[in-house]
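I have placed the structure first, in the form of structure tokens, so that the comments after it can refer back to it.
The values are calculated or read from the model by the stated rules, or taken from the named source; none is laboratory data. Since this is a predicted model, take the numbers as computed values, not measurements. Neighbour counts run over all protein chains shown; Cβ positions are idealised from the backbone, glycine included.
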Amino acid sequence: MAERPGIRPPRVLAYGPEAWLWEWEAPSPVLTRLLWRVWRQWQATPPLGVRDLMLGQASLVAMVGPERSPQAWERWAHHMGQWLVRAAQPDEEEPSGRRWEIPVVYDGPDLAAVAAATGLAPEAVVEIHAGREYRVGWMGFLPGFAYLVDLDPRLVLPRRPAARPRVAAGAVAIAEGMTAIYPVASPGGWHWIGRALVPVVPEIGGARGVAFAPGDRVRLRPVPA
């Protein structure tokens with residue numbers, strides 16, 4: 001992939017028997033938007049043989065096929081590299097994604113601790129957290145788990161010192177400059193400040209609910225308990 005301002009070319013590695021990994025040195029807003037553009041192009045015109053494309057904070061994995069010979073991997077690396085260069089060409093408009101508005105009850109068990117750690121009143125934490133639009137940076141950790149970027153700097157905190165063994169499905173949480181909604185109950189080390197009133201589901205499977213994708217725009221609307 002050609003070098004772009006502020007982005008060094010990625011490493012390209014075989015990633016198991018049926019995938020390629022493109023890995024950049026470090027995440028950045030410029031890289032995130034470039035990966036959104038690649039995602040949108042893959043949805044519109046997927047290159048032949050690419051079964052799935054997964055974005056990370058500074059990486060991209062293309063699921064291709066079971067052929068394992070060095071010659072096959074060489075062909076895939078060349079083919080995908082050319083396609084990624086074309087897909088990452090800047091458009092006149094930034095990839096827009098879908099728009100979601102999620103009702104949230106802000107009664108999470110960590111709300112008071114977040115307020116104390118940030119020097120804000122709990123009501124101010126809610127107002128700040130719900131007062132901006134988020135973008136889905138990438139998916140991961142669990143099926144349907146979207147990393148929502150652009151958290152207000154006043155709410156940026158490290159993860160909890162110890163993860164909870166169980167965070168409920170629908171939990172709204174923050175950590176390290178991001179926020180998220182847990183799609184299912186799972187262990188979790190983020191600060192749990194509220195709960196979404198609509199289910200979050202994977203894009204696959206056909207279940208009813210919010211199915212996030214990279215580049216989507218998300219607003220969280222406070223509602224009473």
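Summary table below
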| quantity | calculated |
| --- | --- |
| Any hit, segment 118-133, residues being within 25 Å of Pro199 (Cβ to Cβ) and in a strand (DSSP E or B) | no |
| Cross-chain or 6+ apart pairs with Cβ under 9 Å, segment 33-46 first and under 12 Å from Ala213 (Cβ atoms), then surrounded by fewer than 17 Cβ atoms within 10 Å (Cβ to Cβ) and of a type in the set (S, T, N, Q) | Arg40/Ser96 |
| Elements of type strands (runs of 3 or more DSSP E) in segment 134-225, at least 3 residues being under 23 Å from Arg99 (Cα atoms) | 134-139, 146-149, 171-175, 178-181, 191-196, 217-222 |
| Boolean, Ala169 is over 22 Å from the mean Cα position of the chain (by Cα), surrounded by 14 or more Cβ atoms within 10 Å (Cβ to Cβ) and either aliphatic (A, V, I, L, M) or assigned by TED's automatic domain parsing to the domain that holds Arg217 (or both) | no |
